[in-house]
Amino acid sequence: MEQNRSRARSALALAALLGLAGTTHFTRPKFYDAVVPRSLPGTPRQWTYASGAAELAVATAVAVPRTRRLGGFAAFALFIAVFPANVKMALDFRDKSPRARAIAYGRLPLQIPLVVWAWKVAKAAP
């Protein structure tokens, strides 16, 4: 029983993180526009909004027990898919302040526990 509650809390925490991240794509789109790889077709703003919508959809799927397994796998794929934008951000921030560089560089290894977390949520779902 306690293990089920722990799994549910973990899934809901992941959903909250994804929901917050997705929301910020709409409330602070300029930040995300700047890290969209220019090699992608379309405008950076289109990618910012599309990725924000994807994060909100994945957050919803993770939050709902019935779709949690699919949502966990979708979060896993999403965290891998956004990695190139994090690499671009780290490269673009090479000449920024030490604080800004630390944030940009810190995002890179942070992807690993996020990918693992999403995988665990998916595998633990009924």
Inter-probe distance in nm under a simple model that places probes 7 Å from Cα toward Cβ, at residue 66 and residue 39: 4.1 nm
Residue 116 to residue 81: FRET efficiency via 1/(1 + (r/R0)^6), r the Cβ-Cβ distance, R0 22 Å, to the nearest 0.05? 0.90
Trypsin sites (Lys or Arg not before Pro) within the range 1-79: DSSP coil, no more than 11 neighbouring Cβ in 10 Å: 38
At a threshold of 8 angstrom on Cα-Cα distance, excluding pairs fewer than six apart, so keeping six or more, what relative contact order does the range 3-76 reach in percent? 34 percent
So what's the convex hull volume per residue for the Cα atoms of the range 2-124, in Å³? 102 Å³
In whole Å, how far is the Cα centre of the range 59-126 from that of the range 1-43? 8 Å
When the chain is treated as a Gaussian network with springs between alpha carbons less than 10 Å apart, the largest mean-square fluctuation among 21, 13, 100 is found at 100
Figure the gain on full extension for residue 101 and residue 6 (residue separation times 0.36 nm, minus the Cα-Cα span) and round it to one decimal in nm. 30.7 nm
Given the candidates 63, 100, 74, the one whose Cα lies deepest towards the positive end of the charge dipole of the chain, counting +1 at each Lys or Arg C-beta and -1 at each Asp or Glu C-beta, is 63
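Taking the Cα centre as origin and putting +1 on Lys and Arg beta-carbons and -1 on Asp and Glu beta-carbons, what dipole magnitude results for the chain, to the nearest 20 debye?
180 debye
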What number, in percent, do you get for the relative contact order of the chain if the mean sequence gap of Cα pairs under 8 Å and at least 6 apart is divided by its residue count? 28 percent
Cross-link partners among lysines for residue 88, C-alpha distance below 20 Å, same-chain residues fewer than 8 apart left out? 30, 96
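Every number in this text was worked out from the coordinates using simple rules, so none of it is lab data. This is a predicted model, so every value here is computed, not measured. With ideal geometry, Cβ positions are generated from the backbone for all residues, glycine too; neighbour counts draw on all protein chains shown.
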